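The values are calculated or read from the model by the stated rules, or taken from the named source; none is laboratory data. All of these numbers come straight from a predicted model, not from anything done at the bench. Cβ sites come from the backbone with ideal geometry, for glycine too, and all protein chains shown count toward neighbours. Quick note on the areas: whole protein, heavy atoms, side chains included, nothing else; ligands and nucleic acids left out. Shrake-Rupley method; radii C 1.70, N 1.55, O 1.52, S 1.80 Å.
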Amino acid sequence: AEARLAALDPDARVQYEAVKAALFSGERPEVQPVVAAIVTSRRGILVTERRDGKPPWGFVSGEVRKDPAELPEDAAVREVKEETGLEVEAGRVIGERDHPATGRHMIYIAAKPVRGTKVIVGDQRELKNVDWVSLAEAEQLLPGMFEPVHDYLAAELRPKS
């Protein structure tokens, strides 16, 4: 167990120690919300393919940091940079919900690239692929997409007249 703990990255080790301390103190650890960055550009919608396949495809997402305290919008910008190398500007909150599969509180935030749309797989341990897709492709890759996100994407990607 000590070897596995030593192999964790520093953020995961800190989180593990906090959860362990809370469990032994009898307190229930506070679970941080997860932010999903809904990034759109002229190239489409930014999606990620996970290595573990759970779920296979999704939006760029990650926990809002508790220490130091982080706003959901800042977490969205950070996660996109870490996972794709893309610099974005966060927009409005599209919606929030407790995810039906995980129970985690999700905050969906609109985002746009600041300069350029070239992306890379920034976190190769977690991600297999990062790509821009059309709305039709996103509907196939992410079945059961949260309705407010789908409505936002449909409006955002509608041809401008």
**Prompt:** Sequence-distant or interchain residues sharing an amide H contact under 5 Å with R104, placed H: which?
**Reply:** H99
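When ligands, DNA and RNA are left out and all protein chains stay put, how many square angstrom of accessible area per residue does the stretch 37-126 have with a 1.4 Å probe? Spell out each step's value before the answer.
Details: 4920 Å² over 90 residues.
Accessible area per residue: 55 Å².
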**Request:** Quick one: which residues, 5+ away or cross-chain, put their amide H under 5 Å from the amide H of G85? H built at 1.01 Å from N.
**Result:** I120, G122
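Please report, as a whole percent, how much of the solvent-accessible surface of the stretch 20-139 comes from carbon and sulfur atoms (probe radius 1.4 Å). Intermediate results must be reported in sequence, preceding the final value.
Working: 3390 of 6770 Å².
Accessible surface attributable to carbon and sulfur in the stretch 20-139 totals 50 percent.
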**Prompt:** So what are the ³J(HN,Hα) numbers for the stretch 145-152, from phi and the Karplus equation (6.51, -1.76, 1.60; θ = phi - 60°), rounded to whole Hz, Gly and Pro as x?
**Reply:** 3, 3, 4, x, 5, 4, 4, 4
**Asked** Using the Karplus equation 6.51 cos²θ - 1.76 cosθ + 1.60 (θ = phi - 60°), what ³J(HN,Hα) coupling, rounded to whole Hz, does each residue of the stretch 35-40 give in order, writing x for Gly and Pro?
**Response** 9, 10, 8, 9, 8, 10
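At R0 = 22 Å, how high is the FRET efficiency between D67 and R125 if r is their beta carbon distance? Nearest 0.05 is fine.
E(calc), rounded to 0.05, equals 0.45.
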**Message:** When only alpha-carbon atoms are used, what values of Rg and Dmax, in angstrom, describe the stretch 39-161?
**Reply:** 13.8, 46
**Complete:** Flagged as over-length at 24 Å C-alpha distance, from K81/K160; K66/K118; K81/K128, the pairs are K81/K160; K66/K118
**Calculated from backbone phi, Karplus (6.51, -1.76, 1.60) coupling profile of the stretch 112-118 in Hz, x at Gly/Pro** = 10, x, 8, 8, x, 10, 6
